[in-house]
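Written below as structure tokens is the structure these notes are about.
The values are calculated or read from the model by the stated rules, or taken from the named source; none is laboratory data. If you're wondering where the values come from, they're calculated on a predicted model, not measured in any experiment. Cβ placement follows ideal geometry from the backbone for every residue including glycine, while neighbour counts extend to all protein chains displayed.
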2 protein chains.
Amino acid sequence: MNKTILLDKRPIGKPQLSDFKFVSDGVDEISTGELLLKTSYVSVDPYLRGRMSDAKSYTPPFELHKPITSGIIAEVIDSKNPAFKKGDFVSGMLAWKEFQKSNGEGLLKVDASRAPLSSYLGVLGMTGLTAYLGLTEIGKPKKGETIVVSGAAGAVGSIVGQIGKIFGCRVVGIAGSDEKVAMLKSKFGYDEAINYNTAKNMASAIKEAAPNGVDVYFDNVGGPISDAVLFNINQFARLIICGAISVYNSTELPKSISVQPFLIKNSALMQGFIVFNYAEKYPEAIKQLSIWLAEGKLTYSETIVEGFDAIPQAFLDLFEGKNSGKMLIKI
Amino acid sequence: MNKTILLDKRPIGKPQLSDFKFVSDGVDEISTGELLLKTSYVSVDPYLRGRMSDAKSYTPPFELHKPITSGIIAEVIDSKNPAFKKGDFVSGMLAWKEFQKSNGEGLLKVDASRAPLSSYLGVLGMTGLTAYLGLTEIGKPKKGETIVVSGAAGAVGSIVGQIGKIFGCRVVGIAGSDEKVAMLKSKFGYDEAINYNTAKNMASAIKEAAPNGVDVYFDNVGGPISDAVLFNINQFARLIICGAISVYNSTELPKSISVQPFLIKNSALMQGFIVFNYAEKYPEAIKQLSIWLAEGKLTYSETIVEGFDAIPQAFLDLFEGKNSGKMLIKI
């Protein structure tokens, strides 16, 4: 048997378990040039919510009644492709299936002896690339500047803060619980961290944590938290708009304070960041991240749930902030 | 007698005549190194509204009970400075005074025989520089792309459209009356123009006028017009936030739809533009603008009112859209 998860309905507002459907079929036969993969780890990420809608976006929407795809680590269990052999592990954008075949296109071999398999979906995968390339390509932080990160305890945010420290910046994280705030400082080296669920006035809390103002804002959440940051940006601030998890499930167009006057006053820049646009920089970025990881300068956190059947709930839990760091499903 | 206009009160919401105060004193004596100036043309510009407030901005606020300053063309009527002689005309950031002395710092000589004096406050002054440098430094339009301009009949907007055409782009203007819309097409070469006061649905009107989507948005107004543009931006769109006249007089923080999801979806960039940050590019830009002007590729429009006493009302009229092109006062 080979379980597959299909997108059964386009979510309206917050996704629900009933938007997904499990089906079972057989395991494909492979032909010359193909390989058979057994899924090891599945990554669930907030951006998948966008692809579940039918709206124009940077990646085409998922098709209804077809398997959902995301970043996956899989084991090659059979191969008729000379580039891969049985026992290899690969990462790629693959379907939410227990077993699937592939012609090898877009797959990257990963070395389980060099770093834990799951890290290739995290710090050495899209997550780490997003943190590193968003920060360096748009944020361009300079030593001594202040970086504020929203969703700081998330997969990307927890890496952004550490890279900011490597660059010699003051880093301030925003997260949604006291536990996360404590971890940002103790585990990820954040200089200051703010719990947005208990802060009385976010704009003042940010001002206190970033007394020299905000030079770089790495935005994973959007909404009122990002509004509060605007009051604290410095001249020539760079705002990396990497995610907007706070509004992904909105059924109405979310409203915020108008950003334009803040951008004019401060000659500031806001730019939407999608890691896929920077593919030519991946090798250099992964090399740098691997060095830092080996040197012990980067740590990461994962929330790993077990079992193929747990994938949809793990995805839903992202929107409740139940993960700390990268949310993965181990099959 | 030498009239001066002081900022008497910080405007709350829309500026009023009572925020300004006329005083009279004598004409200054000049010492060695100084020159005496007689004001010829005064430029009034929306950005001055920002300096009348007490808020942090890119230029310090005007001081209360002190003269307001703006771009001015003046005649040298006496000089004890070897760099200037009687009869020269200069442009600079000067006080709203009929006569004033200067040590020459920050003054630029302008050649009345090469172009009309007033053009040095307009197409060959800050206005033209704002249009050219905003478009080239942030917008970076490529041949065949679509540029949408709000406040298109204003001083800056009317020049942006023409430069867009020189660059081989489709240009779409947004303005507030049928007269302005007609003029955008007949005089300034806009391919299409939209009257935001009569359009039933701005997002659809923009879609119709820009069927290939919006690659560059030159934003002079902010507010709901800019919201409507967001629905039509293309991947990698560049949004030049040059002005936000629609919200300058707001007493509450203006709200808009959240821009972040649009920026992410389209990997788009929004950047606040202040011409003063690009001073090192002025000579090159003025050279280019002068060439186009001499070749007849640039035309401009001015609304000139007469008399020193008319300055405050002319400034207020900017917020009613009473000007077409550059608003100037001839003394």
With the condition being free of Cβ contacts under 8 Å to residues at least 60 places away in the same chain and closer than 30 Å to B:SER246 by Cα, I'd like the strands (runs of 3 or more DSSP E) fully within segment B:1-97 carrying at least 2 qualifying residues. B:69-79, B:89-95
With respect to B:PHE319, is the statement that it is at negative phi and aromatic (Phe, Trp, Tyr) true? yes
Number of positions in segment B:233-252 that are more than 27 Å from B:THR127 (Cα to Cα) and in contact with a helix residue (DSSP H, G or I) (Cβ under 9 Å, 6 or more places away or on another chain): 1
Could you identify the single residue in B:VAL27, B:VAL42, B:VAL76 that is assigned by TED's automatic domain parsing to the domain that holds B:PRO15, closer than 30 Å to B:ALA153 by Cβ, out of contact with any Pro (no Cβ under 9 Å at 6 or more places or on another chain) and not aromatic (Phe, Trp, Tyr)? B:VAL42
Looking at A:LEU94, is it aliphatic (A, V, I, L, M), at pLDDT 95 or above and assigned by TED's automatic domain parsing to the domain that holds A:SER324? yes
Any chance A:GLU320 is of a type outside the set (A, V, I, L, M, F, W, C), under 17 Å from A:GLY157 (Cβ atoms), in the same structural domain as A:ARG10 (by TED's automatic domain parsing) and surrounded by fewer than 19 Cβ atoms within 10 Å (Cβ to Cβ): yes
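Conditions (1) touching a helix residue (DSSP H, G or I) at 6+ places or on another chain (Cβ under 6 Å); (2) polar (S, T, N, Q), marked per residue:
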site: B:MET1; (1), (2): no, no
site: B:LYS9; (1), (2): yes, no
site: B:PHE20; (1), (2): yes, no
site: B:ASP28; (1), (2): no, no
site: B:THR32; (1), (2): no, yes
site: B:LEU37; (1), (2): no, no
site: B:TYR41; (1), (2): yes, no
site: B:ASP45; (1), (2): no, no
site: B:ARG49; (1), (2): no, no
Going by the structure shown, is B:GLY213 at positive phi, touching a residue at least 24 places away in the same chain (Cβ under 8 Å) and either among the β-branched types (Val, Ile, Thr) or in contact with a helix residue (DSSP H, G or I) (Cβ under 6 Å, 6 or more places away or on another chain) (or both)? no
Going by what's in this entry, would B:SER113 be described as at pLDDT below 95 and in a loop (DSSP other than H, G, I, E, B)? yes
Looking at segment A:169-186, which of its residues are closer than 19 Å to A:SER301 by Cβ, crowded, with 17+ Cβ neighbours inside 10 Å and charged (D, E, K, R)? A:LYS180
Within segment A:227-331, considering only strands (runs of 3 or more DSSP E) that don't extend past its boundaries, which have at least 1 residues that are modelled with pLDDT of 90 or more and more than 14 Å from chain B (Cβ to nearest Cβ)? A:302-306, A:326-330
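Being polar (S, T, N, Q) and more than 9 Å from every other protein chain (Cβ to nearest Cβ) is the filter; apply it to segment B:211-226 and report the residue that is surrounded by the most Cβ atoms within 10 Å (Cβ to Cβ). Walk me through it before giving the result.
Taking segment B:211-226 and keeping what is polar (S, T, N, Q), we get B:212, B:220, B:226.
Still in the running and more than 9 Å from every other protein chain (Cβ to nearest Cβ): B:212, B:220.
On the way: B:ASN212: 11, B:ASN220: 27.
Across segment B:211-226, the extreme among qualifying residues is B:ASN220.
In the set B:VAL172, B:VAL221, which member is in contact (Cβ under 8 Å) with a residue 60 or more places away in the chain and within 12 Å of B:SER150 (Cβ to Cβ)?
Values: B:VAL172 fails: in contact (Cβ under 8 Å) with a residue 60 or more places away in the chain.
On inspection, the qualifying residue turns out to be B:VAL221.
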Hey, can you tell me all the residues within segment B:10-55 that are surrounded by fewer than 20 Cβ atoms within 10 Å (Cβ to Cβ), aliphatic (A, V, I, L, M) and within 15 Å of B:ILE77 (Cα to Cα)? B:VAL27, B:ILE30
Answer from A:LEU6, A:LEU48 - the residue that is touching a Ser or Thr at 6+ places or on another chain (Cβ under 7 Å) and on the phi < 0 side of the Ramachandran plot: A:LEU48
Selected residue [at positive phi and either free of Cβ contacts under 8 Å to residues at least 12 places away in the same chain or not assigned by TED's automatic domain parsing to the domain that holds B:GLY92 (or both)] from B:SER267, B:SER256: B:SER267
Against the condition surrounded by 18 or more Cβ atoms within 10 Å (Cβ to Cβ), charged (D, E, K, R), within 26 Å of A:ILE274 (Cα to Cα) and more than 14 Å from chain B (Cβ to nearest Cβ), how does A:LYS66 come out, does it pass? no
Criterion: within 20 Å of the chain's Cα centre (by Cα), outside the structural domain of A:VAL110 (by TED's automatic domain parsing), under 21 Å from A:ALA268 (Cα atoms) and at pLDDT 95 or above - qualifying residue of A:GLY189, A:GLY223, A:GLY139: A:GLY139
